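Heads up: the structure comes next, in structure tokens.
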Amino acid sequence: MLYNFKETEEKWQKIWQDTRAFRAQPDPQKKKYYLLEMFPYPSGKIHMGHVRNYTIGDVAARFKTLQGYNVMHPMGFDAFGQPAENAAIKNNTKPDDWTHKCIREMETELKKMGFSYDWEREVSTCDSSYYKWNQWIFLKMFERGLAYKKASNVNWCPSCSTTLANEEVIEGGCWRCHAKVEQKDLEQWYLKITDYKEKLLYNLEQLKYWPERVIFMQQNWIGKSKGVEIYFKLKDNGRVIPVFTTRADTIFGATYIVLAPEHPLVKELIKGKPQEPAALEFIAKVAQESKTIRSSSEVNKEGVFTGSFAVNPVNNEELPIWIADYVLMEYGTGAIMAVPTHDQRDFLFAKEHNLSLRVVIQPGLDDNSRLSAYEMAEAYEGDGYLENSGQFNGKKNSPAKEEIALWMEVKGIGKIQEHWRLRDWLISRQRYWGTPIPIIYCPECGPVPVNEKDLPVELPKDAPFTGEGGSPLAKVKEFVEAACPKCGKNARRETDTMATFFDSSWYFLRFCSPQFNAAPFDLKEAKYWMPVDQYIGGIEHAILHLLYSRFFTKFFQDLEMVDFNEPFERLLTQGMVLKDGEVMSKSRGNIVDPDSMIKNYGADSLRLFILFAAPPETELEWDERGLEGAFKFLNRVWRIQDNLKDKADPQVLKHLHRTIKKVSQDFGEFKFNTAIASFMELTNAIYQLGADKEVFSKLVVMLSPIVPHFSEELWQILGNQGSVFKASWPQYDPQLLVEETIELPIQVNGKLRSKIAVARDISEEKLKALVLADQKVVPWLEGKTPKKFIIVPQKLVNIVI
RNA sequence: GCUGGAGUGGUGGAAUGGCAUACACGUCGGUCUCAAAAACCGAUGGGGGCAACUCCGUGAGGGUUCAACUCCCUCCUCCAGCACCA
């Protein structure tokens, strides 16, 4: 009899739904386990990436349930965002209708996969019952000065006609549509994530169960560097130009100063100088270039002399001040001291413009490795001994860095400082399908926050979107016109909406109490369920979403709404699903639709294959033959029921206990591929030697997290009452793991020559005698005397001759 | 450039100091069948040998060790993130 997956899967999905099998409720008696997968954007169809992500999570959730944990496993939809607007323009529908239709379709697809979600906790970020709390959080931030508006040079995507956060600019392009990002001066809303930079950086140390590379990526992004701000004075009028450097040890080697073209002092420096016209022309030219072009021209280091000089405070030398495009206003002070001998960029620039050089670090103390400034082909950026550096001559440069910094601080010519790469988070978008920012502009009172009791500021269901840019909300008169919450006079509503990453920065908290209507989340519920024990999602969120969520959590901690500082205890980043070595994508035309795979092989086969094909973190090459293999394996297990014996073979029994041990460990470590291999080995052994109902039942329980419908059905056929998930995870008997006789490999000079079966606790002497008498070993020892016997108990024997 | 990860049969992968290639896919052979499919059994890293067996073999080269896919050094290739960050 062949396993009928279609009927079985439908049957159990209905039972699970009818019995509310995965409903989670706090239970102080039980240990909680909050398992979360990154919620999807509701595009209407799930793809293989979702299948993989959610299968991994589902196995973990079901495994923990069998182990006796009180598991919460919720699902929802990250439902705001641009595709809904694009679809609305294209199909002439409303984003709201379109999104809700997609959500329903997606729910159906997820249910077909048999995932154990507590659907009663479902949330969609586009519902006002959710985004009301986005607005509430925004107001709390506004109250504390963490949400603020400022005019500045921002990233602008011309294709999406909206602003972008720094984190959303990937290689100079828009993260969503890849169009080249432009710079624009606009007044925009920001969140002061920089107030949390220290915590965001230092608390990374707590995240012991996060992948190292995610930690590195976040560290890199926050980008702390220690250095010194050195005060150079203008020769003409003594005005100070602060310069930031991480290489205080090279201060005596500075031969010129460079300012960014946008530096506020530049205009003054060139005024009336013969260099003025050339300098102005250069500044205008750089201003036209976008940031992307400017940072891509690595080779070409252009610049002009200002005609002014600054004084090096450590030796009173006069240094020419230049303007160059390789110095950025956004980092440090927008001014640098150039040390061409020990910085490659400065070196190239100095060569190009014939500026002077001076060596201050010699790699060694001997004469033949000595550097000579004008013979160098490139800058020496390594360590060595200081020279031409006054009182610091002869010292090692690396420890001297600190010493020189302190000395400058004492002398008042510098200050030890930290610089951070992290910028405040730009959150306003000139878009319709997002959370309205709850601010009203009053001609008298200025920007005024909406009163808490007036939340939510509802997004009107209708708005004219043409895709021509500009905030669609600005065209909805009833929305824009509002009374000032302070003075009651006629005022205008903010028409920008929030970036969707705002929505996903706290949804994990909302899941704890999705219907709660007195606050974003019920503190009691959050206290029980949070933090998330295991979070699973794609590596593409390593910076954006994970950093923002950490920021929000720290903010809630400051509001005393939570009593922990990191939201996600463990993180697993699953690899992508590839087809023919490439990411599956519409444009490549290599998409494999999960739905048709479910039709042909069933959800359980798909789940099994996707876990077996590769470890969760690595990329997975799609291979339909592998899926067929998974299907065959299920049928093989299915047929065991027809050949059960009264008593299991003792070898099979031992094998079962080895499997329990191995699989329990593997499941705990998310090594599903090797766990499945163990199941296959056990199945092969059962085929050869035979098993009874008890052995088979235990195999079924262990398989259930991976292939839940299949296992429920077998569990029932085997005569058990109720769901297999009410069973408990099998325990192994350590006594059954101990083998009386073991097979020892025998090596001669580290090469395998023989294997002998011996009693587990054989004495060394007896073992030696046996080995020396072994037929296959003897020829190798002929005429030689063993120098040494290496015996690793119960592992191996190695004879050295 | 910097940082991180990886490199193992025809393929996906296993083994993190102790029997390299578990498990699966594919291929080949067999059983069953009128035949095919399914199922079941067996073989399957490369070279040499009728064979027992033997030599070589985890990107390349060196080292440590009785013993290295695993640890150390040098290098190559691929992937990812950041990048004129001073």
Out of the total accessible area of chain A (probe 1.4 Å, heavy atoms of protein only), what percent is carbon and sulfur? 50
Mean separation of Cα contacts under 8 Å (at least 6 apart) over the residue count of chain A, i.e. the relative contact order in percent, is 14
Compactness of the range A:1-65, expressed as Rg and Dmax over alpha-carbon positions, Å: 15.0, 46
Using alpha-carbon coordinates, inclination of helix A:764-773 to the longest axis of chain A, degrees: 80
Working from the alpha-carbon coordinates of the range A:602-760, get Rg over Rh, Rh being the Kirkwood radius. 1.02
Computed over chain A: longest principal axis from alpha-carbon atoms vs helix A:624-640 long axis, angle to nearest 10 degrees, is 30
Measuring with a 1.4 Å probe in the full set of protein chains, what accessible area per residue, in whole Å², belongs to the range A:675-801? 55
Within the P(r) computed for the range A:666-801, what percentage of the Cα pairs occupies the region above 28 Å? 45
Give me the angle, in degrees from 0 to 90, between the Cα long axis of helix A:708-717 and the longest principal axis of the Cα atoms of chain A, rounded to the nearest 10. 20
Helix-only mean residue ellipticity at 222 nm for chain A, each DSSP H run of n ≥ 4 adding -39500 (n - 2.57), per residue, nearest 500: -11000 deg cm²/dmol
Report relative contact order for the range A:1-81 in percent, whole number only (criteria: Cα-Cα under 8 Å, sequence separation at least 6). 41
What relative contact order, as a whole-number percentage, does the range A:306-362 give when Cα pairs under 8 Å and 6 or more residues apart are counted? 20
Starting from the Cα gyration tensor of the range A:680-755, take the square roots of the eigenvalues, sort them a ≥ b ≥ c, and report rounded, prolate or oblate (rounded when a/c is under 1.5, otherwise prolate if a/b is larger than b/c, else oblate). prolate
The whole-number value in µm²/s of the Stokes-Einstein translational diffusion coefficient for the range A:72-210, with Rh from the Kirkwood sum over alpha carbon pairs at 37 °C and 0.692 mPa s, is 178
May I ask for the distance between the Cα centers of the range A:553-625 and the range A:377-432, given as a whole number of Å? 42
Using the Karplus curve 6.51 cos²θ - 1.76 cosθ + 1.60 with θ = phi - 60°, what ³J(HN,Hα) values do you get for each residue of the range A:258-269, in whole Hz, with x for Gly and Pro? 10, 10, 5, x, 8, 4, x, 7, 4, 3, 5, 5
Enumerate the whole-percent occupancy of each 5 Å bin, from 0 to the last occupied one, for all C-alpha pair distances of the range A:208-277. 3, 11, 16, 17, 13, 10, 10, 7, 5, 4, 2, 1, 0
Sequence order, the range A:539-553: Karplus ³J(HN,Hα) from phi using 6.51 cos²θ - 1.76 cosθ + 1.60, θ = phi - 60°, Hz rounded, Gly and Pro as x, gives 5, 5, 9, 4, 9, 3, 4, 5, 5, 5, 5, 5, 4, 4, 4
With a 1.4 Å probe and every protein chain left in place, work out the accessible area per residue of the range A:331-431 in Å², rounded to a whole number. 49
Across the alpha-carbon set of the range A:366-414, Rg over Rh with Rh taken as the Kirkwood radius works out to 1.05
Using the Kirkwood radius built from alpha carbon pairs, what does the Stokes-Einstein equation give as D for the range A:117-181 at 10 °C and 1.306 mPa s, in µm² per second? 109
How much of the DSSP bridge set in chain A is antiparallel, in percent, rounded to the nearest 5? 75
The range A:658-707 versus the range A:476-527: alpha-carbon centroid distance in Å: 49
Enumerate the whole-percent occupancy of each 5 Å bin, from 0 to the last occupied one, for all C-alpha pair distances of the range A:148-192. 6, 25, 33, 20, 14, 3
Once you have a ≥ b ≥ c as the square roots of the Cα gyration tensor eigenvalues for chain A, tell me rounded if a/c is under 1.5, and otherwise prolate or oblate according to whether a/b is larger than b/c. oblate
Averaged per residue, the 1.4 Å probe accessible area of the range A:40-172, protein heavy atoms only, in Å², is roughly 32
Would you mind pulling out the separation of the Cα centroids of the range A:36-69 and the range A:97-124, in Å? 12
Please work out the ratio of the alpha-carbon Rg of the range A:1-133 to 2.2 N^0.38 Å and round it to two decimals. 1.18
Expressed in whole Å with the largest first, what are the equivalent ellipsoid semi-axes of the range A:388-455 derived from the C-alpha gyration tensor as the square root of 5 times each eigenvalue? 54, 16, 10
Out of every Cα pair in the range A:542-600, what percent are spaced more than 20 Å from each other? 55
Using modelled backbone amide H atoms (1.01 Å from N, in-plane), which distant-in-sequence or interchain residues come within less than 5 Å of A:Val154's amide H? A:Lys184, A:Asp185, A:Leu186
Once you have a ≥ b ≥ c as the square roots of the Cα gyration tensor eigenvalues for the range A:348-485, tell me rounded if a/c is under 1.5, and otherwise prolate or oblate according to whether a/b is larger than b/c. prolate
Determine the alpha carbon to alpha carbon distance for each of A:Lys149/A:Lys554; A:Lys6/A:Lys632; A:Lys197/A:Lys233 and list only those over 25 Å. A:Lys197/A:Lys233
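The values are calculated or read from the model by the stated rules, or taken from the named source; none is laboratory data. The shown structure was predicted, so the numbers you read here are calculated from the model rather than taken from an experiment. Areas reflect the complete protein model, heavy atoms only, side chains present, ligands, DNA and RNA absent. Shrake-Rupley method; radii C 1.70, N 1.55, O 1.52, S 1.80 Å.
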